[in-house]
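Working notes for the structure below.
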Amino acid sequence: MDYGNIANSSLKDHEERTRKREAREAHTISAKATNLRGFKAKMFQQERRQQKIQMRKKIKALEEKDVQSAGDKDPSQPLPSYLLDRNNPTQAKQLSSAIKNRRSEKSARYSVPIPKVSGISEEDMFKVIATGKRKSKGWKRMVTMPTFVGPDFTRRPVKYERFIRPMGLRYKFAHVTNRELGVTIQLPIISVKKNPNNSLYTQLGCLTKGTVIEVNVSELGLTTAGGKVVWGRCMLISLVFYSDSRRGSIFRPTRALSSSDAA
């Protein structure tokens, strides 16, 4: 009995079964995408979305374009004196970064350095509100930190309101400090640009330490180099008082982060 041939045949059978399983995988995914319903369908679509994102990242990383690069510093053949100062461009395979650099330079004019702050967990930011006839449902959350809500904000019906922002924690003004002049000015808040803790906190307008906000500086009479009036500037929140005993001073931003915004 030849055990070597048996082992070799079993290995080939395993490879063949693996190949067929991988070939059938596309049909299985298609059947699931067609037939799944409800929560299982949502979870399956999320999983497929993550897989496609990873696949696109791999394709983008492996994508190579022809770009010009300088030639070798030490050519194999001697060059005449009038060609020594020239660089012989050669075609090289590498990632095309010209468009990326152009986009980054364009967006760097308005980019804001987000500071590294200690994160705030959802347990500290939100309080669970029990709902339902027997208070058995816990999908509602009440924000326990200072927030900013725009003037055109309208609450959703109570039955569909997921996040509750109490009126006592909604603020409209910020105390902006100018270190050079040593002056603190109360300015109205226009919007919340970026909360470094979480994108959800940015959408809710949570005002925590390190948050970048836009304030109205039209009363200060600032102008741009072109003579236009500056209406808004981005400020960084460096100090937040949200306890009941110290609610008088709400913010103390330390510096302006953008030279000027839209006039």
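From the list Asn216, Asn178, Asn195, which residue is at pLDDT below 85 and either polar (S, T, N, Q) or under 18 Å from Val143 (Cα atoms) (or both)?
The unique qualifying residue is Asn178.
With respect to Val217, determine if the residue is surrounded by 15 or more Cβ atoms within 10 Å (Cβ to Cβ) and farther than 27 Å from Ile120 by Cα.
Yes, satisfied.
Just to check your reading of the model, which residue among Lys40, Lys65 is at pLDDT 90 or above and surrounded by 10 or more Cβ atoms within 10 Å (Cβ to Cβ)?
The conditions single out Lys40.
Can you tell me which residue in segment 133-167 is farthest from Val192 (Cα to Cα), limited to those that are loosely packed, with under 11 Cβ neighbours inside 10 Å and aliphatic (A, V, I, L, M)?
Only one residue tops the list, namely Val158.
So which of Phe173, Phe241 ends up being farther than 30 Å from Gly132 by Cβ, of a type in the set (A, V, I, L, M, F, W, C), surrounded by fewer than 18 Cβ atoms within 10 Å (Cβ to Cβ) and modelled with pLDDT of 85 or more?
That would be Phe173, the only listed residue that is farther than 30 Å from Gly132 by Cβ, of a type in the set (A, V, I, L, M, F, W, C), surrounded by fewer than 18 Cβ atoms within 10 Å (Cβ to Cβ) and modelled with pLDDT of 85 or more.
If you scan segment 175-201, which residues turn out to be among the charged types (D, E, K, R) and touching a residue at least 24 places away in the same chain (Cβ under 8 Å)?
Arg179, Lys193, Lys194
Report, by residue number, each residue of segment 181-214 that is among the hydrophobic types (A, V, I, L, M, F, W, C), surrounded by fewer than 19 Cβ atoms within 10 Å (Cβ to Cβ) and assigned to a helix (DSSP H, G or I).
The one that is among the hydrophobic types (A, V, I, L, M, F, W, C), surrounded by fewer than 19 Cβ atoms within 10 Å (Cβ to Cβ) and assigned to a helix (DSSP H, G or I): Leu200.
Checking Asp124 against (1) under 27 Å from Trp231 (Cβ atoms); (2) in contact (Cβ under 8 Å) with a residue 12 or more places away in the chain, which test does it fail?
Against the list (1) under 27 Å from Trp231 (Cβ atoms); (2) in contact (Cβ under 8 Å) with a residue 12 or more places away in the chain, Asp124 comes up short only on (1).
The values are calculated or read from the model by the stated rules, or taken from the named source; none is laboratory data. Predicted model only: the values in this text are computed from it and were never measured. We place every Cβ from the backbone using ideal geometry, glycine too, and count neighbours over all the protein chains shown.
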